[in-house]
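Take a look at the structure set out below.
The values are calculated or read from the model by the stated rules, or taken from the named source; none is laboratory data. Just so it is clear, the structure is predicted and the values come from calculations on it, not from any experiment. Glycine also receives a Cβ, built like all others from the backbone with ideal geometry; neighbour counts cover every protein chain displayed.
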Amino acid sequence: MNKLPPSTQTIVAILSLASLTLTAFAAESISQSELKPLLGELTSRWQELKQTYDIKEVGTALTVPKRINPTLADARVLPFEFSARPKGSDRPYEVTIEITGENRFLDSKGREVDLTEGIRCKVEPKEIQVRAHQQ
């Protein structure tokens, strides 16, 4: 039986991991009040955006499905997205405010581990971007 060349093995491994990552999460809602304590240093940026945009009270977050990690089932992870429109406008919500950063999965001693082995998730928002809805 022929073995795949190392470069092909690497590509297959990356694609397999990407497939797991894409299918590993489901969408769930997150409210602005739940978001507030997670923002940290991004709080002032969020407040600036609230002065410019009418932001829907409830956005979306990814969650860890039970089949991937029963302990972290339904834990919310980044990115978070909220629909928005210019302040005072009656136009449709045509802008997405996206909060991105790092999701760190931790074991009982606080060490970073793989998603499937984590018992706690630490969400670390790093950036807030505004973009037009994709059509």
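Summary of values
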quantity: Unique residue being charged (D, E, K, R), in contact with a strand residue (DSSP E or B) (Cβ under 7 Å, 6 or more places away or on another chain) and without any contact (Cβ under 8 Å) to a residue 40 or more places away in the chain when the list is 104, 76, 67; calculated: 104
quantity: Scan of region 55-100 for residues that are farther than 13 Å from residue 121 by Cα and among the small types (Gly, Ala, Ser), ordered by number; calculated: 59, 61, 83, 84, 88, 89
quantity: Condition met for residue 86 (surrounded by 14 or more Cβ atoms within 10 Å (Cβ to Cβ) and either touching a strand residue (DSSP E or B) at 6+ places or on another chain (Cβ under 9 Å) or at positive phi (or both)); calculated: no
quantity: Long-range neighbours under 6 Å by Cβ, at least six apart or interchain, first residue closer than 17 Å to residue 44 by Cβ within region 118-135, second of a type in the set (Lys, Arg) and at pLDDT 95 or above; calculated: 128/45
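Okay, residues lined up against (1) aromatic (Phe, Trp, Tyr); (2) surrounded by 14 or more Cβ atoms within 10 Å (Cβ to Cβ):
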{"position": "53", "(1), (2)": "yes, yes"}
{"position": "56", "(1), (2)": "no, yes"}
{"position": "59", "(1), (2)": "no, yes"}
{"position": "65", "(1), (2)": "no, yes"}
{"position": "82", "(1), (2)": "yes, yes"}
{"position": "92", "(1), (2)": "no, no"}
{"position": "97", "(1), (2)": "no, yes"}
{"position": "102", "(1), (2)": "no, no"}
{"position": "124", "(1), (2)": "no, no"}
